[in-house]
Structures are given as C-alpha cells and as structure tokens.
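These notes are about the structure you will find just below.
The values are calculated or read from the model by the stated rules, or taken from the named source; none is laboratory data. Values in this document were obtained by computation on a predicted structure and should not be read as measured data. Cβ sites come from the backbone with ideal geometry, for glycine too, and all protein chains shown count toward neighbours. With ligands, DNA and RNA removed, areas are computed over all heavy atoms of the protein, side chains included. Shrake-Rupley method; radii C 1.70, N 1.55, O 1.52, S 1.80 Å.
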Amino acid sequence: MVFDPNCELCPLCKGATNVCLPGGQRVDTDRPPKLMVVVDYPSVSEDGNGDSFSDQPLLDKLLFEILEIPIEDIYFTYLAKCRPVGTLSSSANFVVCRDNYLMEEIRLVDPQCILLVGADVAECILKKSLKSLRGSVHEWMDRSVIATFSPNMGRKDPSILTSIAE
C-alpha cells in the first residue's frame, strides 16, 4: 500500500505534522490479518512522532486484554490519514481518504472482518447512525463489518470497555 507523505487531497494535510500516516500490522507475519480495525484519525502523539497506532491504550486493552485477539491477526488503519488541527473537521474529509486510501487498503490487506470504531467512521462507511448499526454484523465490500463505539468513551469509565466489546 502506498501512502503519500506529500498528499494534498484534502485540507487536513495543511495542519498535520505527519501527512498520510500509514496503517499496518503490529507484528510482522506471513499471513493476512483476520481483522481490519478502522479508527477515525491519528492522535496528537501519533501525528507528532509519525508512529501509527502508538497511542491507542484503550483500543489495545479492548482488543488484546478483553477480547484476547492475537496481535498478528489485526491490521490497524485510520479513516482520515492526517490529524485535524484547529477548526478543520476530519469528518468532512473522511470520504477523500476512504476513496483514495482505505478502499485500496481493504483490497490489498484482504481482511475477513472489518471493525469500524466510532460513530464518524461507522456513518462514513455504512451511511447509517452508529446506534442503528451497533450489535449486528453488516456486509460492505464483500466483508463482514462490525461497528462499535470508540473505546475512548472508556477514559472516564474503564468498565464500559466490556460493554463496547460485547
């Protein structure tokens, strides 16, 4: 997958420290991941240091501790490849990254299932509210897709991670 650090397809590139952060697997493996996890956009830390998915402690806890999914079975990616800064809205630019990067990632990674994390991601991909999508499996691009709330909702109440996992 080619990510373009000089991408200028949407306004998000103007404020990001690291433009077009790539997705990727956490551990090198010869077999394709079973699950693609799509979150909205890089965190401040990830944008600042250019290290994709280095600052996702609650997502890590959800996937690895609560659901006990092996790290090599997961490919992580962002819907918006740049962090929105100031008044820039990521959701207004999700479609650009979806059409120019995410669709190609899905074809190349070929996951069995896609986990959409957060309301903006779910609504951009499946075109329905997260409330109507949660708790069931959907089909998109010939893949099983599951949508759930962002684990960041668990910052105030870590016990919510179990209900998000369910």
Subject >> Computed magnitude of the charge dipole of the range 9-81 (debye, nearest 20; Cβ of K, R +1, Cβ of D, E -1) >> reply: 300 debye
Subject >> Tensor-based shape of the range 74-166 (alpha-carbon gyration tensor, a/c under 1.5 rounded, otherwise prolate or oblate) >> reply: oblate
Original post:
How much accessible area does S54 have with a 1.4 Å probe, in Å² rounded to the nearest 10?
Top reply: 60 Å²
Subject >> Gaussian network model of the chain, springs between alpha carbon atoms under 10 Å - residue of D110, D120, D47 with greatest fluctuation >> reply: D110
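Before I look further, what does the chain give for accessible area per residue, probe 1.4 Å, in whole square angstrom?
Dividing the accessible area of the chain by its residue count gives 51 Å².
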**OP:** Using Cα positions and a limit of under 29 Å, work out the lysines in reach of K14, with same-chain residues fewer than 8 apart set aside.
**Re:** K81, K127
**OP:** With a 1.4 Å probe and every protein chain kept in, tell me what percent of the accessible surface of the range 1-82 is carbon plus sulfur.
**Re:** 47 percent
Subject >> Free-standing Cys residues across the chain, given no other cysteine C-beta under 4.7 angstrom >> reply: C10, C13, C82, C97, C113, C124
Original post:
Dipole of the chain (Lys/Arg Cβ +1, Asp/Glu Cβ -1, origin at the Cα centre): which of S91, L59, P5 lies farthest to the positive side?
Top reply: S91
Original post:
Reachable lysines from K156, Cα under 19 Å, same-chain residues fewer than 8 places away excluded?
Top reply: K61
Subject >> Most to least accessible of M36, M153, M141 (protein chains only, probe 1.4 Å) >> reply: M153, M141, M36
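Nearest 20 debye, what's the magnitude of the dipole of the chain about its Cα centre given +1 on Lys and Arg Cβ and -1 on Asp and Glu Cβ?
The calculated dipole for the chain is roughly 560 debye.
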